[in-house]
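Below is one structure; the comments refer to it alone.
The values are calculated or read from the model by the stated rules, or taken from the named source; none is laboratory data. What you see is a predicted model, and the numbers here were worked out from it, not measured in a lab. Reconstructed Cβ throughout: ideal geometry from the backbone, glycine too, with neighbour counts over all protein chains shown.
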Amino acid sequence: QQQVKQSPQSLIVQKGGISIINCAYENTAFDYFPWYQQFPGKGPALLIAIRPDVSEKKEGRFTISFNKSAKQFSLHIMDSQPGDSATYFCAAKETSGSRLTFGEGTQLTVNP
Amino acid sequence: DTGVSQDPRHKITKRGQNVTFRCDPISEHNRLYWYRQTLGQGPEFLTYFQNEAQLEKSRLLSDRFSAERPKGSFSTLEIQRTEQGDSAMYLCASSLGRISAYNEQFFGPGTRLTVL
């Protein structure tokens, strides 16, 4: 079963715009939520991650917003650039666990 | 380059053949993970090692799959009697296992397997 649901499947944004990708989870034991960026033919690269004791984390143009009660979290990419065009995956992990559970991915295209 | 490396990057094989992939983790990382990614999907966990001990295996890891990490450094993933459904990208990741830490996983470039 899909424990982490991600939307949208694809997203097209103009250069300079804001890209927003959403994820929802059911497992309340999840307490680590990373986002990965993947370019074609490459492995996923860690972008930014959050623990549920904070509601927001910002690193440069990338921000994670976290809503623990709704069991949802989202990635915001400010001032989106063509170089941001990639597939983005949210993921989740239990503290005591080892495995990352990934969402289905969002293919982002930023038009110049 | 001190990142995770995988070899080969691409492998084409015929159904029924055996294949073996290698992963070299980041040198100080004691945890190593294998994931499988099919086209248009997120990676799915296969198995995990802490040092040389294989501590967890997914139900996705059928008995045709075997993974080893003999000296707690590099790891191999072998698929016996390959099937067309095994065609996927096989990703390796490593992390520095610490108690009460994020244990961020860093991924290699993957091995793309095509079974004809």
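Summary table below
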{"item": "Close pairs from the range B:71-95: first part of a loop (DSSP other than H, G, I, E, B), partner surrounded by 22 or more Cβ atoms within 10 Å (Cβ to Cβ) and of a type in the set (A, V, I, L, M, F, W, C), Cβ under 7 Å, at least 6 apart", "result": "B:Phe74/B:Cys23"}
{"item": "Matching residues, the range A:3-47, being among the β-branched types (Val, Ile, Thr), more than 13 Å from chain B (Cβ to nearest Cβ), assigned to a strand (DSSP E or B) and under 17 Å from A:Ala91 (Cα atoms)", "result": "A:Ile20"}
{"item": "Options A:Lys68, A:Lys15; residue that is loosely packed, with under 15 Cβ neighbours inside 10 Å, basic (Lys, Arg), more than 28 Å from B:Lys57 (Cβ to Cβ) and at pLDDT below 95", "result": "A:Lys68"}
{"item": "Test: residue in the range A:84-95 that is modelled with pLDDT under 95, part of a loop (DSSP other than H, G, I, E, B) and within 14 Å of chain B (Cβ to nearest Cβ)", "result": "yes"}
{"item": "When residues of the range B:32-49 are limited to those that are touching a Leu at 6+ places or on another chain (Cβ under 8 Å) and among the polar types (S, T, N, Q), the one farthest from B:Gly85 (Cα to Cα)", "result": "B:Thr47"}
{"item": "Residue match in the range A:52-62 (condition: assigned to a loop (DSSP other than H, G, I, E, B) and free of Cβ contacts under 8 Å to residues at least 12 places away in the same chain)", "result": "yes"}
{"item": "Count - residues of the range B:38-72 that are farther than 17 Å from B:Ser95 by Cα, among the polar types (S, T, N, Q) and within 12 Å of chain A (Cβ to nearest Cβ)", "result": "3"}
{"item": "Among the candidates A:Ser80, A:Ser98, residue that is within 13 Å of another protein chain (Cβ to nearest Cβ), hydroxyl-bearing (Ser, Thr, Tyr), in a loop (DSSP other than H, G, I, E, B) and surrounded by 14 or more Cβ atoms within 10 Å (Cβ to Cβ)", "result": "A:Ser98"}
{"item": "Pairs with Cβ under 7 Å, 6+ apart, first in the range B:7-28 and more than 19 Å from B:Arg69 (Cα to Cα), second polar (S, T, N, Q) and assigned to a strand (DSSP E or B)", "result": "B:Arg9/B:Thr111; B:Lys11/B:Thr111; B:Ile12/B:Thr114"}
